[in-house]
1. Within region 87-188, considering only helices (runs of 4 or more DSSP H) that don't extend past its boundaries, which have at least 2 residues that are under 21 Å from the mean Cα position of the chain (by Cα)?
2. Could you list, in sequence order, all residues of region 354-373 that are under 27 Å from Met92 (Cβ atoms) and either open to solvent by 10 Å² or more (accessible area, probe 1.4 Å) or among the charged types (D, E, K, R) (or both)?
3. List every residue pair whose Cβ atoms sit under 6 Å apart, with the two residues 6 or more apart in sequence or on different chains, where the first one lies in region 191-212 and is assigned to a helix (DSSP H, G or I) and the second, anywhere, is within 15 Å of the ligand (Cβ to nearest atom).
4. Would you please name the residue that is farthest from Thr276 (Cα to Cα), looking only at residues in region 221-254 that are β-branched (Val, Ile, Thr), more than 16 Å from the ligand (Cβ to nearest atom) and touching a residue at least 40 places away in the same chain (Cβ under 8 Å)?
5. Pull up region 287-318, narrow it to residues that are part of a helix (DSSP H, G or I) and under 16 Å from Leu243 (Cβ atoms), then point me to the one that is nearest to the ligand (Cβ to nearest atom).
6. Please work out which residue is farthest from the ligand (Cβ to nearest atom), limiting yourself to region 71-83 and to residues that are outside any helix (DSSP H, G or I) and surrounded by fewer than 24 Cβ atoms within 10 Å (Cβ to Cβ).
7. Pairs, please: C-beta under 9 Å, at least 6 apart or cross-chain, first residue open to solvent by 70 Å² or more (accessible area, probe 1.4 Å) and in region 25-38, second in a loop (DSSP other than H, G, I, E, B)?
Amino acid sequence: MTPSTDPASGAAAEPRRVAITNVRVFDGERLSEPTTVVIEGGLIVSNADGAEEVDGANGVLLPGLIDAHVHLGKEGQLRQMRDWGVTTALGMGEWSVETLKMLRGRENQGLTDIRSSGLPATVPGSFHSKMLPFPTRGLVAGAADATRFVTNRLAEGADYIKVIADVPGPDQATLDALVSAAHERGKLVVAHAATFTPFVMALEAKADVITHVPRDKALDDEAVARMVADKRSSVPTLHMMGLITKPLSLGTILRLLFRPSLLLTIVSGFRSFSGTQTYENAKESVARMHRAGVPILAGTDANEEQDSPFQVRHGEAMHREMELLVEAGLSTVDVLRAATALPAKHFALSDRGVVEPGKRADLLLLRDDPIKDIRATRSIQRVWCGGIEHVRTYV
Ligand SMILES: [Zn+2]
């Protein structure tokens, strides 16, 4: 859909009012009886007078999906996510300030709306500092350097701060200092923690959201109880945890042969966990957190980094992540919330995540019912991203 113009004057006409009729709306718990949802000027509104009709054909209307862990680098990724119903994406490690500027604020083009941490914090000698061509401005010298790091990220436009908890990685004092420097500036902190000890360090440092789950050992009762008591939320990225715990594919090894030092780093990283890292540990951690009431948010770790051994496609991966969360014990309703209302709540995106008048018109029209079978989130008929419609039918 393009904005309509008055052919006589060429001036932009009043924004169109569109009534999506005959849809069953997901309200966070169940589907409504068939009803009508009206959108206008990028928002959901209540007045249907004079609206153009779009027949929802008794389909299911969801709030647009929010992917709570992506890596952003190209405009095509925004289009791809939008096509798959991901209308908001939370960047968890973007190297280039210029690229981010180019990708932000594209909603007037009907593209996925993004937020970003900018560069994540790590220390020299850590796995991440060696694995990727990590810019030195992301390296933190120690606790005394934390305020500089946070100030610089915020000056670059970061919406929240990301820290990489790992061993080897920042020590506890450095993690603590990074989190408190961010909190002093009123910013949320997301901690990467993909093994058990760093996960506990992230909890100790009071990070608000912990992304990934331990693959060397499932979270124990104490760690889970602390997540609950401290009101933390989790973005497990199960799809990525599955990739990391599998042997590297031949194609990946061939690709990495052009970067021998990177291949060595990855192989030595694998060795240090040999025999103990499993997908089952990651899945069990999610199951335990969910049973205890920890909010679980859907995130894919989608990335197309040339040097990443584990590339994940933007958009489609969100549907795979939702399937894996169901396998880990979340109900389909829990998973739909994990991909809509919960990330909106925990990242303070109060203008989206639910289908209600006044909220952004980020909507996903499905042919089939995802409460019956989560795979139905793939039966996308139409997507509205900031009120701009895209039609795409998946068979
Ligand atoms: Zn990531």
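The values are calculated or read from the model by the stated rules, or taken from the named source; none is laboratory data. This one's a predicted model, so the numbers in the text were calculated from it and none came from an experiment. Heads up, the Cβs are rebuilt from the backbone with ideal geometry, glycines too, and the neighbour counts pull from every protein chain shown. Each accessible area value is taken on the protein alone, full model and side chains, heavy atoms only, with ligands, DNA and RNA left out. Shrake-Rupley method; radii C 1.70, N 1.55, O 1.52, S 1.80 Å.
1. Counting at least 2 such residues, we get 97-103, 146-155, 172-184.
2. Val354, Val355, Lys359, Arg360, Asp362
3. Qualifying pairs under 6 Å: Pro198/Ala165; Pro198/Asp166; Phe199/Ala193; Met201/Ala165; Ala202/Ala165; Ala202/Ala191; Ala202/Ala193; Ala202/Ile210.
4. First pass over region 221-254, keeping only residues β-branched (Val, Ile, Thr): 224, 228, 235, 237, 244-245, 252-253.
After this cut, where a residue has to be more than 16 Å from the ligand (Cβ to nearest atom) as well, the list is 224, 228, 252-253.
Add one more test, that the residue is touching a residue at least 40 places away in the same chain (Cβ under 8 Å), and what stays is 224, 228, 252.
Numbers: Val224: 20, Val228: 26, Thr252: 22 Å.
In this case the residue turns out to be Val228.
5. So the residue we want is Ala317.
6. First, the residues of region 71-83 that are outside any helix (DSSP H, G or I): 71-74.
So of that shortlist, the ones also surrounded by fewer than 24 Cβ atoms within 10 Å (Cβ to Cβ) come out as 71, 73-74.
Working: His71: 6, Gly73: 12, Lys74: 16 Å.
Checked region 71-83; the qualifying residue farthest from the ligand (Cβ to nearest atom) is Lys74.
7. Final answer for the pair search is Asp27/Val354; Asp27/Val355; Asp27/Glu356; Arg30/Ile371.
Condition check ((1) open to solvent by less than 20 Å² (accessible area, probe 1.4 Å); (2) under 23 Å from the mean Cα position of the chain (by Cα); (3) at pLDDT 95 or above) across all residues:
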| position | (1), (2), (3) |
| --- | --- |
| Leu250 | no, no, no |
| Ile266 | yes, no, no |
| Gln277 | no, no, no |
| Asn281 | no, yes, yes |
| Ser285 | yes, yes, yes |
| Arg320 | no, yes, yes |
